[in-house]
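Structure, as structure tokens:
The values are calculated or read from the model by the stated rules, or taken from the named source; none is laboratory data. Only a predicted model underlies this, so the values are computations on that prediction, with no experimental measurement involved. All Cβ positions, even for glycine, are placed from backbone atoms using ideal geometry, and neighbour counts span all protein chains on display.
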Amino acid sequence: MESYATAAQVYAAGLIFARLGALVMLIPGIGDSSVPPRIRLSFAFLLTLMLTPVIAPAMAVPESSSALGGAVIKEVLIGLMIGGILRMFLSSLAAAGEIISLQTTLSCSQTAAPGSAQPSTSISTFLGLIGLTLIMTTDLHHLFIGAIVRSYTLFPFARDLPVADAGQLAVQTVADSFKLGLQLSAPVVVFSLIFNVATGLVGRVMPQFQIFFVATPLMVLFGLSIFALSLGVIGSVWVSRYRELLAVFGAGG
């Protein structure tokens with residue numbers, strides 16, 4: 001091994017792969033369950049080969065196996081933390097899709113989401129695919145690599161694992177995701193509120209009128225129409241907020 005790389009270089013590359021492997025298993029797009037784990041780990045290995053000369057410092061190999069194992073576990077936890085937070089923010093689109101489905105009476109329409117292989121409403125699945133498409137078309141996946149490199153400035157090898165900060169950031173990300181999901185679905189929610197009030201008044205004025213058979217098709221038609229008209233705004237707002245989240249990890253652009 002010494003003919004190709006020193007023990008310190010192999011140790012540094014192993015720590016980098018531990019963080020990148022955990023991170024790549026969770027980041028949106030590449031880390032989806034539809035992508036085979038071998039492909040994800042191979043991509044992480046290629047990233048390790050490219051980034052090791054850039055971010056690997058001269059490190060001394062620990063003498064005890066416990067110190068080596070502790071360093072690897074710490075890097076894996078940091079990778080899981082970053083990848084998990086990036087994955088959590090996708091739940092904003094899922095929340096928006098669930099709210100829109102409830103308001104348009106389409107919550108019973110279930111489709112298996114490719115990213116998680118779990119059944120969800122058709123609108124949630126559609127918004128999830130839109131989110132992944134926007135990540136790739138707006139080059140946000142390039143910022144992922146920038147966030148990976150900058151993470152070694154925020155969380156260097158010698159620094160202890162910031163458990164409290166990671167927990168606070170995770171809670172804040174989940175709260176912001178739900179809030180953003182409600183904001184993205186606001187046009188349909190406002191329409192649903194006005195429509196339900198109007199149908200309630202019609203039902204009070206004309207008790208014998210079969211309001212359910214008339215209101216349900218109109219709710220679906222107008223709700224989906226408003227959703228289609230607001231889709232461009234939903235995409236642009238979500239991409240902007242996702243770019244701000246990546247800036248937390250030091251990825252500019």
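Data table
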{"quantity": "Gly223 surrounded by 14 or more Cβ atoms within 10 Å (Cβ to Cβ), within 30 Å of Lys74 (Cβ to Cβ) and at pLDDT below 90", "calculated": "no"}
{"quantity": "Hits in the stretch 204-235 - residues which are under 22 Å from the mean Cα position of the chain (by Cα) and either within 17 Å of Leu143 (Cα to Cα) or of a type in the set (A, V, I, L, M, F, W, C) (or both)", "calculated": "Phe227, Leu231, Val233, Ile234"}
{"quantity": "Residue pairs meeting the criteria (Cβ under 9 Å; at least 6 apart or on separate chains; first over 11 Å from Ser120 (Cβ atoms) and free of Cβ contacts under 8 Å to residues at least 12 places away in the same chain, in the stretch 78-107; second hydroxyl-bearing (Ser, Thr, Tyr) and part of a helix (DSSP H, G or I))", "calculated": "Leu102/Ser192"}
{"quantity": "Selection within the stretch 35-77 - closer than 15 Å to Arg159 by Cβ, at pLDDT below 85 and under 23 Å from the mean Cα position of the chain (by Cα)", "calculated": "none"}
